[in-house]
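I have placed the structure first, in the form of structure tokens, so that the comments after it can refer back to it.
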Amino acid sequence: MHSYMVSKMSSKMVGSNNLAHARRMVQQLRVEASIERIKVSKASADLMRYCGENAKYDPLLMGIPASENPFKDKKPCTIL
Amino acid sequence: MGEMEQMKKEAEALKTQIEAARKAVGDTDMASAASGVAPAPRVQLKTRRTLKGHLAKIYAMHWSTDNNLSSLSSIGVFRLMVSASQDGKLLIWDSHSGNKVNAVPLKSSWVMTCAYAPSGNLVASGGLDNMCTVYNLKTPVIKTVKELDAHTGYLSCARFLSDTEILTSSGDTTCALWDLETGKQKTVFLNHVGDCMCLSLSPDMNTFVSGACDSLAKLWDIRDGQCKQTFQGHTSDINAISFYPSANAIITGSDDCTCKMYDLRADQEVISYQDAALNSGVTSLALSMSGRLIFAGYDDFNCNIWDSLKGEKVGVLSGHDNRVSCTGVPEDGMCVCTGSWDSFLKIWN
């Protein structure tokens, strides 16, 4: 646990009516159970393709030439 | 059988059903699927700027967007960012020069989050005051435009959808969508049973994900207020969360010392970023533009760089003298910023 500014709350009681809480929990589980899932192999393939297609646009991955790096220190200008 | 008993039985049956459905599509994991992908290059970034100006721990930072690129003809286009510190200030920085552009004094110095509106007109902050305060940067003198006051716990994170809507997460276990014209909550997102610590907006802004001290990440529909999916796997507080740029996956960072990727369409964890030698909690994370690199800030003063597909550590940003509390990559992906309890921000590329 972080030694945060205050200690975090844990397991807050949701509602004072246990039955209402149980009903809400079941309703939520019904929503979550009903979704369509795709295979991890397909999900992974799509993610790998996304990374592959966008790698060339990723400066931190590809490296930034010094001449195009806005954070590279420019030579100081002298006013003559 | 009483209704309570019935509900319990149905809940157990549904949980079993969900686990079975996840297993049925769990034909591999990301690292195995990516075994043929060329490794990411060893990433060695240099500190390009050290931003000095805060007098106490930095808790948060946020980059301005491409909508708000500023230009001064002598310097060229530069990119702004906001940082928040326990010294009771928000500072707005020109990242290219390292200069401070604005300072916003806070009523409460116990700040935990800050945010830049996409337009660049507004910034927000909040923390132990339980409020989200919104400031207008474009008036001749910076003005407080709203104090959003309804959470009953600390404000852990805020993100603008626009100049008229903002999302917040709170230690009161809820997240909320606020109307900035009325100052009222439009929607409250109820389902976590632990303090909400972080949130991330989807690229299309129709959904967001939250991470909480109940070790769960949840996906929410912004308009109907419903929790659509819940992701398990972490064994402690989730302190950081981000959508992958493809919008089909999320990355989380936790006090359990790991980061994880959850795929939204497979509805499960697909890879864990961890190392036996790493036993510090993850405080923050940011992704490179393609998503390939994860920059994760840790309690051990470092920011580790992970290959998001292969699960390998490919670099480290060392240089802070205290916990890395926040990280951010701007929209153009040209650098990564780390902020620390050592009171400095560093820009790396």
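Each residue in the range B:130-155 was checked for being buried (at least 24 other Cβ atoms within 10 Å of the Cβ) and modelled with pLDDT under 95, and 0 pass. Among residues of the range B:7-22 that are farther than 16 Å from B:GLN232 by Cα, those with a Cβ under 9 angstrom from a residue that is not in a helix (DSSP H, G or I), sequence gap 6+ or separate chain, pair up as B:LYS9/B:MET1.
Residues of the range B:124-141 being of a type in the set (A, V, I, L, M, F, W, C) and in contact with a Ser or Thr (Cβ under 9 Å, 6 or more places away or on another chain), which ones?
The answer is B:ALA124, B:LEU128, B:MET131, B:CYS132, B:VAL134.
Restricting the first member to the range B:221-234 and to residues that are modelled with pLDDT of 95 or more, and the second to residues that are outside any strand (DSSP E or B) and β-branched (Val, Ile, Thr), the beta-carbon pairs closer than 8 Å and six or more apart or on different chains are B:GLN226/A:VAL31; B:CYS227/A:VAL31; B:LYS228/A:VAL31; B:LYS228/A:ILE35; B:GLN229/A:ILE35; B:HIS234/B:THR258.
Scan the range B:293-318 for residues that are more than 10 Å from chain A (Cβ to nearest Cβ), part of a loop (DSSP other than H, G, I, E, B), within 24 Å of B:TRP63 (Cβ to Cβ) and of a type outside the set (Phe, Trp, Tyr) and the total you get is 2.
Restricting B:ALA158, B:ALA176, B:ALA117, B:ALA103 to residues that are more than 14 Å from chain A (Cβ to nearest Cβ), touching a His at 6+ places or on another chain (Cβ under 8 Å) and modelled with pLDDT of 95 or more narrows the list to B:ALA176. Taking (1) out of contact with any helix residue (DSSP H, G or I) (no Cβ under 7 Å at 6 or more places or on another chain); (2) within 7 Å of another protein chain (Cβ to nearest Cβ) in turn, A:GLY63 satisfies each apart from (2).
The residue list B:SER210, B:SER169 contains one member that is closer than 27 Å to A:LYS39 by Cα and either touching a residue at least 40 places away in the same chain (Cβ under 8 Å) or within 10 Å of another protein chain (Cβ to nearest Cβ) (or both), which is B:SER210.
Reported count of residues in the range B:173-208, each being surrounded by 15 or more Cβ atoms within 10 Å (Cβ to Cβ), assigned to a strand (DSSP E or B) and not β-branched (Val, Ile, Thr), is 14. Exactly one residue among B:SER343, B:SER290 is part of a loop (DSSP other than H, G, I, E, B), more than 18 Å from the chain's Cα centre (by Cα) and among the hydroxyl-bearing types (Ser, Thr, Tyr), and that residue is B:SER343. For the range B:251-267, state whether one or more residues are outside any loop (DSSP other than H, G, I, E, B), more than 16 Å from B:LEU285 (Cβ to Cβ) and either within 11 Å of another protein chain (Cβ to nearest Cβ) or in contact with a Gly (Cβ under 9 Å, 6 or more places away or on another chain) (or both). Checked the range B:251-267: at least one residue is outside any loop (DSSP other than H, G, I, E, B), more than 16 Å from B:LEU285 (Cβ to Cβ) and either within 11 Å of another protein chain (Cβ to nearest Cβ) or in contact with a Gly (Cβ under 9 Å, 6 or more places away or on another chain) (or both).
Of the numbered conditions (1) in contact with a Ser or Thr (Cβ under 9 Å, 6 or more places away or on another chain); (2) in a strand (DSSP E or B); (3) closer than 22 Å to B:ASP149 by Cα, B:LEU219 satisfies every one except a single condition; which is it? Against the list (1) in contact with a Ser or Thr (Cβ under 9 Å, 6 or more places away or on another chain); (2) in a strand (DSSP E or B); (3) closer than 22 Å to B:ASP149 by Cα, B:LEU219 comes up short only on (3). If the condition is being at the interface with chain A (Cβ under 8 Å from one of its Cβ atoms) and within 18 Å of A:ARG24 (Cβ to Cβ), then the range B:183-197 contributes B:LEU190, B:ASN191, B:VAL193, B:GLY194.
If I filter the range B:257-267 for residues that are modelled with pLDDT of 95 or more and under 23 Å from B:LEU345 (Cβ atoms), do I get at least one hit? Yes; the residues of the range B:257-267 include at least one that is modelled with pLDDT of 95 or more and under 23 Å from B:LEU345 (Cβ atoms).
If you filter the range B:124-162 down to residues that are within 19 Å of B:MET61 (Cα to Cα) and in a loop (DSSP other than H, G, I, E, B), you find that the one that is nearest to the chain's Cα centre (by Cα) is B:LEU161. Just one of the listed residues (B:ALA247, B:ALA276) is at pLDDT below 95, of a type in the set (A, V, I, L, M, F, W, C) and surrounded by fewer than 24 Cβ atoms within 10 Å (Cβ to Cβ), and it is B:ALA276.
The helices (runs of 4 or more DSSP H) located wholly in the range A:1-75 that include 2 or more residues which are over 21 Å from B:ASP332 (Cα atoms) and modelled with pLDDT under 95 occupy A:18-33.
For the range B:311-323, a residue qualifies if it is surrounded by 18 or more Cβ atoms within 10 Å (Cβ to Cβ) and out of contact with any strand residue (DSSP E or B) (no Cβ under 6 Å at 6 or more places or on another chain), and exactly one does: B:ARG323.
Restricting B:GLY88, B:GLY127, B:GLY98 to those that are surrounded by fewer than 17 Cβ atoms within 10 Å (Cβ to Cβ) and of a type outside the set (Ser, Thr, Tyr) reduces the list to B:GLY98.
Each row is one residue, and each column tells you yes or no for (1) more than 26 Å from B:TRP306 (Cβ to Cβ); (2) modelled with pLDDT under 95; (3) surrounded by 12 or more Cβ atoms within 10 Å (Cβ to Cβ); (4) more than 9 Å from chain A (Cβ to nearest Cβ).
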| position | (1), (2), (3), (4) |
| --- | --- |
| B:GLU5 | yes, yes, no, yes |
| B:ILE18 | yes, no, yes, no |
| B:VAL25 | no, no, yes, no |
| B:MET30 | no, no, yes, no |
| B:VAL37 | no, no, yes, no |
| B:LEU45 | no, no, yes, no |
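The values are calculated or read from the model by the stated rules, or taken from the named source; none is laboratory data. Worth saying up front: this structure is predicted, and the values here are computed from it rather than measured. Here the Cβ is made from the backbone with ideal geometry for all residues, glycine too, and neighbour counts use every protein chain on show.
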